[in-house]
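Here the structure comes first, spelled out in structure tokens, and everything after it is commentary.
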Amino acid sequence: MQKLRPYQRFHRTQLILRDELAVDRTILANERTLLSYVRLSITLIIAGISIVHFAMEKWFETVGFLCVPIGIGAGIYGWIRYRKMAEEIMELRKPVARKTKRQVHS
């Protein structure tokens, strides 16, 4: 069974104003989620550097060294997720070639 993408079930020509506003809210939510990933990434990197700097025991220093690549990975994952969702959302926003009355009757 093929998994549907979140916005695949909607057709661009069927969107009304309410749907357009929902897409706007979704764009803003996607940006907020990216900022959350960035915040997490920066926090882990700074925490890791601080732990390494002030560590008195080897295991604590190891925890600090683990925080830095995990923070970098979280930032990369957040960016990839943001781009993937943004592409799916923008797919709904592409202008649709609408048929005029002349094209329909000819």
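The values are calculated or read from the model by the stated rules, or taken from the named source; none is laboratory data. Worth saying up front: this structure is predicted, and the values here are computed from it rather than measured. Cβ placement follows ideal geometry from the backbone for every residue including glycine, while neighbour counts extend to all protein chains displayed.
Can Arg18 be described as at pLDDT below 80 and either of a type in the set (Gly, Ala, Ser) or not in a loop (DSSP other than H, G, I, E, B) (or both)?
Values: at pLDDT below 80: yes; either of a type in the set (Gly, Ala, Ser) or not in a loop (DSSP other than H, G, I, E, B) (or both): yes.
Here the answer is yes, as Arg18 does meet what is asked.
Every residue, every condition in (1) farther than 30 Å from Leu28 by Cα; (2) of a type outside the set (S, T, N, Q); (3) outside any helix (DSSP H, G or I); (4) at pLDDT 90 or above, yes or no:
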position	(1), (2), (3), (4)
Ile46	no, yes, no, yes
Trp59	yes, yes, no, yes
Phe65	yes, yes, no, yes
Val68	no, yes, no, yes
Ile72	no, yes, no, yes
Tyr77	no, yes, no, yes
Tyr82	no, yes, no, yes
Met85	no, yes, no, yes
Val96	no, yes, yes, no
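Of all residues in the stretch 39-56 being under 21 Å from Trp79 (Cα atoms) and surrounded by fewer than 15 Cβ atoms within 10 Å (Cβ to Cβ), which is farthest from the chain's Cα centre (by Cα)?
The selected residue is Ile46.
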